Amino acid sequence: MGDALRLRTRILHHGADTDPHTGAAAVPVYQVSTFAQKDPVNLGKYEYARGENPTREALEHAIAELEGGVTGVAFASGMAAICSVLLLFQPGDHLLVAEDVYGGTYRALTTIFRRWGLESSFVDATEPEKVAAAVRPNTRALFVETPSNPTLKISDLAAVASIAKEKGLLTIVDNTFMTPYLQRPIDFGFDVVVHSATKFLGGHSDLIAGLVVSRTAEMGERLKFIQRAFGAILGPQDSYLVSRGIKTLAARMEIQQIGAGKIARWLADVSGIRKVYYPGLPEHPGYKIHLRQAAGAGAVVSFELPDGPSAHRFMRSVRLPLLAVSLGGVESILSYPATMSHGSMPREERLARGITDGLVRLSVGLEDPEDLIRDLEQALGK
Ligand SMILES: *Cc1c(COP(=O)(O)O)cnc(C)c1O
């Protein structure tokens, strides 16, 4: 019956939402490493918790269902998820990567994986022709992120997936900013979806987790093999907490994005703000494409103050948002990409991507947006 139900219902009723052994209303924390076997030859489904754990399995089932994929795989962090996906490739392979991909992904690719022989180059994925032109004979995959971080650039998922398919590339997308509640890249032809579940899926700034969903069972088997062999699994307690967070995803996303929309529109009229980046503003260059492929603009707004010192003054003066790395929590979080998410990126690379010293990123939480606006206003006045 899953297919007939709408997404908001499936978030709660996806087939792995209750404990099959006891009927408990939530799949409990199976805090175990190993499972007693009835027979030494015919081993049961649960053997050793690096391979299978019922709490993790419930979460993996839920995320696969919500993304419209076949297999879900849970990892110890978003970066563990992304790096485990990168283990699908081998030395000599080349990956084409969207140029404003998450800073940690950029760092892993340009240090660990480059040293290990996996080539990568960066392309402006908002222009499909540039993607097509950048494919090399040894290119194996395209890795994109839309909206991108922190300037919320929009790539056309269907257009880049079709180019990649034509060239025989595997398509990977980081869907952290949208979550499957707002955007399901598999519907547009993507093969692999990755998440930092630390953000909106967990939703409460109380855990670190990563998820991967594959469009096919065959790719799911390869990813599960890597999960078991490499071992960067998510523990049962955090698996439980992510499942718990996902139950309120629709409610949180709806309220947080209403707040983000109000704040973005307000910021657009504030003198002294040079630019506002939010895909829900009609003046955003990716507005039309984004609303074609996503059900909303999300809860992250970036904006640019005139320079570093004015941004620093502003960040020291806000009272409500946490000044912190991360996003997607119930509380608003104000980040400074130059020293936080993109602190590991060389300065010239960072500036070339529009990540100036005046740029700040606000993840809008569940507070009343009027209170947030008043707080931003007083801090901008300093
Ligand atoms: C935070 C983040 C990551 C990394 O996830 P961790 O859970 O911190 O390892 C990857 N991609 C995006 C878009 C992120 O925001």
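Some values worked out for this structure:
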quantity	calculated
Positive dipole terminus of the chain, leading residue within TYR30, THR356, VAL123 (C-beta point charges)	THR356
Helix-derived mean residue ellipticity, 222 nm - over the chain, DSSP H n ≥ 4, -39500 (n - 2.57), to 500	-10000 deg cm²/dmol
Globularity ratio of the chain, using Cα Rg and 2.2 N^0.38 Å	0.99
Sorted by Cβ neighbour density within 10 Å, fewest at the top, the residues TRP266, TRP116	TRP116, TRP266
Amide H within-cut-off set for SER332, under 5 Å, with H built and near neighbours excluded	LEU322, GLY365, LEU366, GLU367
Burial ordering of PHE188, PHE177, PHE230, fewest other beta-carbon atoms within 10 Å first	PHE230, PHE188, PHE177
Protection proxy ranking of 25-34, 369-378 - average other beta-carbon atoms within 10 Å, highest first	369-378, 25-34
Ranked list, fewest to most other Cβ atoms within 10 Å of each Cβ, for LYS38, LYS165, LYS199	LYS38, LYS165, LYS199
Long-range amide H partners of SER302 with built H, under 5 Å	TYR277, LEU362
Mean Cβ count within 10 Å, highest first, over the residues of peptides 328-335, 358-365	358-365, 328-335
Cβ-placed point charges (K, R +1; D, E -1), dipole of the chain about Cα centre in debye, nearest 20	340
The chain: angle of helix 157-166 to the longest principal axis, Cα-based, in degrees nearest 10	60
Cα-Cα pairs of segment 250-380 separated by more than 25 Å (percent)	21
Computed label-point distance, nm, for sites GLU283 and GLU331 using a 7 Å Cα→Cβ extension	3.3
Peptides 147-157, 251-261 ordered by average Cβ neighbours within 10 Å, highest first	147-157, 251-261
Rounded tilt (10° steps) of 249-268 against the dominant C-alpha axis of the chain	20
Spatially close lysines, pair count over the chain: Cα under 23 Å, gap of eight or more or interchain	18
In order through segment 26-38: 3J(HN,Hα) via Karplus (6.51 cos²θ - 1.76 cosθ + 1.60), integer Hz, x for Gly, Pro	9, 5, x, 7, 7, 7, 9, 9, 9, 10, 5, 9, 7
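No lab work stands behind these numbers, since they all come straight from the coordinates. All of these numbers come straight from a predicted model, not from anything done at the bench. No Cβ is skipped: glycine too gets one built from the backbone with ideal geometry, and neighbour counts run over all protein chains shown.
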